[in-house]
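As structure tokens, the structure follows; a few thoughts come after it.
The values are calculated or read from the model by the stated rules, or taken from the named source; none is laboratory data. This structure is a prediction, so every number in the text was calculated from the model and none was measured. Neighbour counts run over all protein chains shown; Cβ positions are idealised from the backbone, glycine included. The protein model used for the area step is the full one, side chains on, heavy atoms only, and it has no ligands, DNA or RNA in it. Shrake-Rupley method; radii C 1.70, N 1.55, O 1.52, S 1.80 Å.
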Amino acid sequence: MTLVDALPLTPVGGPSLPQERRLVTAIPGPKSQELSRRKNEAVSAGVGVTLPAYIVAAGGGVLVDVDGNSLIDLGSGIAVTGIGNSAPEVVAAVAAQLAQFTHTCFTVTPYDSYIEVAEMLNRLTPGDHAKRSALFNSGAEAVENAVKIARHYTGKQAVVAFDHAYHGRTTLTMGLTAKNQPYKNGFGPFAAEIYRAPMSYPYRDAGLDGPGAARRAISQIEKQIGADNLAALIIEPIQGEGGFIVPAPGFLPTLVDWCRANEVVFIADEVQTGFARTGDMFASDHEGIVPDLMVMAKGIAGGLPLSAVTGRAEIMDAPQVGGIGGTYGGNPLACAAALATMHSYETEDLALRAREIGAILTGRLNAIRAVDKRVGDVRGRGAMIAVELVDPVTGDPDAALTGRVVAAAHAQGVVLLTCGTYGNVIRFLPPLSIPDDLLVEGLQVLGAVLAAA
Ligand code: PLZ
């Protein structure tokens, strides 16, 4: 009997789970509390937990915990399970691969699914120029490799990242990440030759338009670094951890034009925004920008760890043979999952589904904003929407209110995430497989806990 034959006929997770919010204990329940106790004894304290309900099954729009509670998932494991948890096509593809072989290391004895993923990424990413791809495990690892490749190609060293940026937790990517707590504090020294430029943040930018904000950044870059020293500029087309900041129209295209005129590699970090999340396959598509290199992870493989860098052939081919690699990059299980996942994004038009989800989210959240001045801003695109909570008089960020609202939503069985440099942004990243009624129920809970907070 093969492993595939041994799979249970009725999957425990996946979309077959009842799509309902069901609370049978307090959140977290007694079994989760016991697991939290064991976690504290066994796991590094540095590994934090947002909502300590321990999950045993998930699918569609719910997460089921060990106490039998069914929670509404408005986080997708931080924008990962766009096509849903244990999506049947992913389960089938991974199970089939699992029965064939689990690992060879692509750089030792290769296999075709890695090439197929590369071909698919080369086709799906913006631009019809010649492209190449390389596969890795995490978003941070892919960011690191994009920077390595850009440095090798340009022969230059400096890298610019932006205010509010998040690019990862490794030494190089911590340096690119803006926020000190909790990401950087005590973990220095950071990598050299990283510089920061001002972002376009329309809600807090008072009247500065996109091209104007780009000129401000470019002027600072020219004065403080010089294009002759700059290998790459890296930016999230919509910032994720930094607060779902959508730059003003014209900001990104102006930066791209300047990069092209100055032989600076433009790297789009689409780790959080990629794969239908924002209502297009990539957030770069909204303004029609064509990045030189694009970094992808999260939504690429239905929950399996995979990341990628895709970009212009001449840039991607610059490093010496053997200069780019890693033991697990493009693992066959992850590649099988990615092929099934990307096929679904395309054939089921999940970008359209993201836009539908976005319409529900922005409609309901703007209705709350109309009557509650603590909701300072509602922003984002597609199924990547956030509210910024502020003091209604001063406009100052209200992180304490944000914390109370999210904690109350958690207690009501709604998985919500925060973000933002000032900790005052609640973000909505539902799986694209969530049914409308469950999404609406989650928003009703949010409305109620916000009103009570
Ligand atoms: N680039 C734009 O959003 C990961 C981080 C969660 P990894 N964001 C979630 C946390 O607290 O660690 C992210 C991202 C953008 C890069 C990354 C890094 O991706 O897969 O977490 O390394």
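Annotation: residue 326 fulfils all but one of (1) buried (at least 20 other Cβ atoms within 10 Å of the Cβ); (2) over 13 Å from the mean Cα position of the chain (by Cα); (3) part of a loop (DSSP other than H, G, I, E, B); (4) within 14 Å of the ligand (Cβ to nearest atom); the unmet one is (1). Listed conditions (1) in contact with a Leu (Cβ under 9 Å, 6 or more places away or on another chain); (2) open to solvent by 30 Å² or more (accessible area, probe 1.4 Å) are all met by residue 234, apart from (2).
Quick check on residue 71: is it under 24 Å from residue 271 (Cβ atoms), surrounded by 22 or more Cβ atoms within 10 Å (Cβ to Cβ) and modelled with pLDDT of 95 or more? Step through it out loud before you land on a result.
Numbers: under 24 Å from residue 271 (Cβ atoms): no; surrounded by 22 or more Cβ atoms within 10 Å (Cβ to Cβ): yes; modelled with pLDDT of 95 or more: yes.
Spelling it out, it is not the case that residue 71 is under 24 Å from residue 271 (Cβ atoms), surrounded by 22 or more Cβ atoms within 10 Å (Cβ to Cβ) and modelled with pLDDT of 95 or more.
The C-beta contact set for segment 115-131 (first residue at positive phi, second residue surrounded by 15 or more Cβ atoms within 10 Å (Cβ to Cβ) and of a type in the set (Val, Ile, Thr), distance under 7 angstrom, 6+ apart or interchain) comprises 127/290.
Assess whether residue 216 counts as being within 30 Å of residue 433 (Cα to Cα) and at pLDDT 95 or above. Even if it seems obvious, please write down each step before you answer.
Details: within 30 Å of residue 433 (Cα to Cα): no; at pLDDT 95 or above: yes.
For residue 216, the condition - within 30 Å of residue 433 (Cα to Cα) and at pLDDT 95 or above - is not met.
Has segment 103-114 got at least one residue that is hydrophobic (A, V, I, L, M, F, W, C), out of contact with any strand residue (DSSP E or B) (no Cβ under 9 Å at 6 or more places or on another chain) and not assigned by TED's automatic domain parsing to the domain that holds residue 434? Scanning segment 103-114, I find at least one residue that is hydrophobic (A, V, I, L, M, F, W, C), out of contact with any strand residue (DSSP E or B) (no Cβ under 9 Å at 6 or more places or on another chain) and not assigned by TED's automatic domain parsing to the domain that holds residue 434, so the answer is yes. In this structure, residue 191 does not qualify as modelled with pLDDT of 95 or more, open to solvent by 60 Å² or more (accessible area, probe 1.4 Å) and not assigned by TED's automatic domain parsing to the domain that holds residue 377. Checked against the criteria, residue 270 does not count as open to solvent by 10 Å² or more (accessible area, probe 1.4 Å), at negative phi and either in contact with a Phe, Trp or Tyr (Cβ under 9 Å, 6 or more places away or on another chain) or within 11 Å of the ligand (Cβ to nearest atom) (or both). For segment 210-232, the tally of residues that are in a helix (DSSP H, G or I), touching a residue at least 60 places away in the same chain (Cβ under 8 Å) and of a type in the set (Val, Ile, Thr) stands at 1. For the criterion of being surrounded by fewer than 19 Cβ atoms within 10 Å (Cβ to Cβ), more than 20 Å from residue 334 (Cβ to Cβ) and of a type outside the set (Gly, Ala, Ser), residue 171 passes. Among the residues making up segment 233-261, those that are more than 16 Å from residue 429 (Cβ to Cβ), touching a strand residue (DSSP E or B) at 6+ places or on another chain (Cβ under 8 Å) and within 15 Å of the ligand (Cβ to nearest atom) are 233, 234, 235, 252.
Considering the conditions (1) away from the ligand (no atom under 16 Å from the Cβ); (2) under 16 Å from the mean Cα position of the chain (by Cα), residue 141 is excluded by exactly one of them, (1). Looking only at segment 306-317, residues that are under 13 Å from the mean Cα position of the chain (by Cα) and open to solvent by 10 Å² or more (accessible area, probe 1.4 Å) come to 0 in all.
When segment 28-50 is filtered for residues that are open to solvent by less than 30 Å² (accessible area, probe 1.4 Å) and either among the aromatic types (Phe, Trp, Tyr) or part of a loop (DSSP other than H, G, I, E, B) (or both), only 29 remains. Filtering segment 330-342 to residues that are open to solvent by 20 Å² or more (accessible area, probe 1.4 Å) and either in contact with an Asp or Glu (Cβ under 7 Å, 6 or more places away or on another chain) or free of Cβ contacts under 8 Å to residues at least 24 places away in the same chain (or both) leaves only 339. State all residues of segment 148-183 that are within 12 Å of the ligand (Cβ to nearest atom), touching a helix residue (DSSP H, G or I) at 6+ places or on another chain (Cβ under 8 Å) and not in a strand (DSSP E or B); if no residue qualifies, say none. Residues satisfying the conditions are 165, 167, 168, 169, 170, 172, 173, 176, 183. With respect to the conditions (1) on the phi > 0 side of the Ramachandran plot; (2) in contact (Cβ under 8 Å) with a residue 24 or more places away in the chain; (3) open to solvent by 10 Å² or more (accessible area, probe 1.4 Å), residue 207 falls short on a single one, namely (2).
Evaluate segment 210-227: report whether one residue or more is over 26 Å from residue 155 (Cβ atoms) and either within 13 Å of the ligand (Cβ to nearest atom) or touching a strand residue (DSSP E or B) at 6+ places or on another chain (Cβ under 9 Å) (or both).
Yes, that holds for at least one residue.
Applying the condition of being open to solvent by less than 10 Å² (accessible area, probe 1.4 Å) and within 11 Å of the ligand (Cβ to nearest atom) to segment 278-298 and asking which residue is nearest to residue 79 (Cα to Cα) yields 297. When segment 350-407 is filtered for residues that are β-branched (Val, Ile, Thr) and in a strand (DSSP E or B), the ones remaining, listed by number, are 375, 378, 385, 387, 390.
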